[in-house]
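S.K.: Could you have a look at this structure, given as structure tokens, before my questions?
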Amino acid sequence: MRCNEVLELQSALLDGELGARESRDVEAHLATCTQCQAAFEGMQDMSGSLRAQGEYFRAPAALRSRIGAQIRANIGAAAGATKPARIVSSFSLPSWWPKWGMGVAVPVAAALLSFTIGMQFAGPSADDRLLEEAVGNHARALLTDHAFDVASSDQHTVKPWFAGKVDFSPPVRDLGADGFPLIGGRLDVLNHTRVAVLAYRRRQHEIDVFVWPVDAGASGVSGSTQTSRGYNVVRWSQGGMNFCAVSDVAPDDLRHLVALIRTASTS
């Protein structure tokens, strides 16, 4: 790839919008071009600053429930409409609309409405977006050599470092005796929420474990393993915390680390 092509794709790479092949091509160019890498790091710093300092407000569960109920009621009313006046009063039929009887026209109109609404709300689920964001954050940390803000294998150094930077205390364990040494920690942002990241190493592979509190009233995640853009991802919830482990390490190794963390968190 040439520099002008990479500069045009940097924003998409930062937002995790590129496919696997384009991501690899851009990342390979950045690894060898100091000028493009400097531009990308500047963009990343600006994006991280905006995301970390910006104010975000999550709609209360009651409000989300009322909005969902209203949407469902509107869809049901439109789909069950039987009088032409109710349809005509909302919109005018185009000139090309067939002059069928209402017995045919109303079901067709309802089907079109349902299709339009389905297309409007179709898209990745919240879990899929979070997974892609975690993978993108991990890849950027590796690309920019920013795996941690505090470098230490001492859990008594890493854990206190988070105090005052996040409003929770992440469980930190050094698992070097089991082949997964702790190498540090950093701050990151997932779904507009500041999270703690614990960095581990398995041979030549780095592993990020994102940690943040379970939302009030949420049930958390019982455990799931997925793959995205060549990275393995394991998510679970435990002790009031959400965990998301991301790495290109072998799936069995990643699951082994997860088992060690889960065991250590209960001891």
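S.K.: Listed residues 153, 90; which is open to solvent by 40 Å² or more (accessible area, probe 1.4 Å), part of a loop (DSSP other than H, G, I, E, B), modelled with pLDDT under 55 and over 21 Å from residue 248 (Cβ atoms)?
M.R.: Exactly one of 153, 90 is open to solvent by 40 Å² or more (accessible area, probe 1.4 Å), part of a loop (DSSP other than H, G, I, E, B), modelled with pLDDT under 55 and over 21 Å from residue 248 (Cβ atoms), namely 90.
S.K.: Write out, first by first residue and then by second, each pair whose Cβ atoms fall under 8 Å of each other, whose residues are 6+ apart or on separate chains, and whose first residue, in the stretch 256-267, is in contact (Cβ under 8 Å) with a residue 40 or more places away in the chain while the second is among the basic types (Lys, Arg).
M.R.: Here the result reads 257/202; 260/173; 261/173; 264/173; 265/173, each pair linking the stretch 256-267 to a residue that is among the basic types (Lys, Arg).
S.K.: Looking only at the stretch 156-183, filter to residues that are outside any loop (DSSP other than H, G, I, E, B) and in contact with a Leu (Cβ under 6 Å, 6 or more places away or on another chain); which one of those is nearest to residue 42 (Cα to Cα)?
M.R.: Filtering first and then ranking leaves 180.
S.K.: Pairs only if they're at least six apart or on different chains, beta carbon under 9 angstrom, first in the stretch 28-40 and closer than 17 Å to residue 15 by Cβ, second modelled with pLDDT of 85 or more and of a type in the set (Lys, Arg); list them, first residue then second.
M.R.: 40/140
S.K.: Just to be sure I understand the filter: pairs with C-beta atoms under 9 Å, separated by 6 or more residues or on different chains, first member in the stretch 140-159 and within 27 Å of residue 25 (Cβ to Cβ), second member of a type in the set (Gly, Ala, Ser) and open to solvent by 60 Å² or more (accessible area, probe 1.4 Å). Which pairs pass?
M.R.: As it stands, the answer is 143/31, since those pairs meet every condition given.
S.K.: Hey, does the stretch 32-46 have a residue that's modelled with pLDDT under 80, outside any helix (DSSP H, G or I) and within 29 Å of residue 166 (Cα to Cα)?
M.R.: No: zero hits.
S.K.: Right, another one. If you scan the stretch 185-212, which residues turn out to be under 18 Å from residue 173 (Cβ atoms) and open to solvent by 20 Å² or more (accessible area, probe 1.4 Å)?
M.R.: Result: 201, 202, 206, 212.
S.K.: Another question, then. Yes or no: residue 237 part of a strand (DSSP E or B), of a type in the set (Ser, Thr, Tyr) and either open to solvent by less than 30 Å² (accessible area, probe 1.4 Å) or touching a Ser or Thr at 6+ places or on another chain (Cβ under 8 Å) (or both)?
M.R.: When the stated conditions are applied, residue 237 passes them.
The values are calculated or read from the model by the stated rules, or taken from the named source; none is laboratory data. Computed from a predicted structure; not experimentally measured. Ideal geometry is used to build each Cβ from the backbone, glycine not excepted, and the neighbour counts take in all protein chains shown. For accessibility, only protein heavy atoms count, side chains too; no ligands or nucleic acids. Shrake-Rupley method; radii C 1.70, N 1.55, O 1.52, S 1.80 Å.
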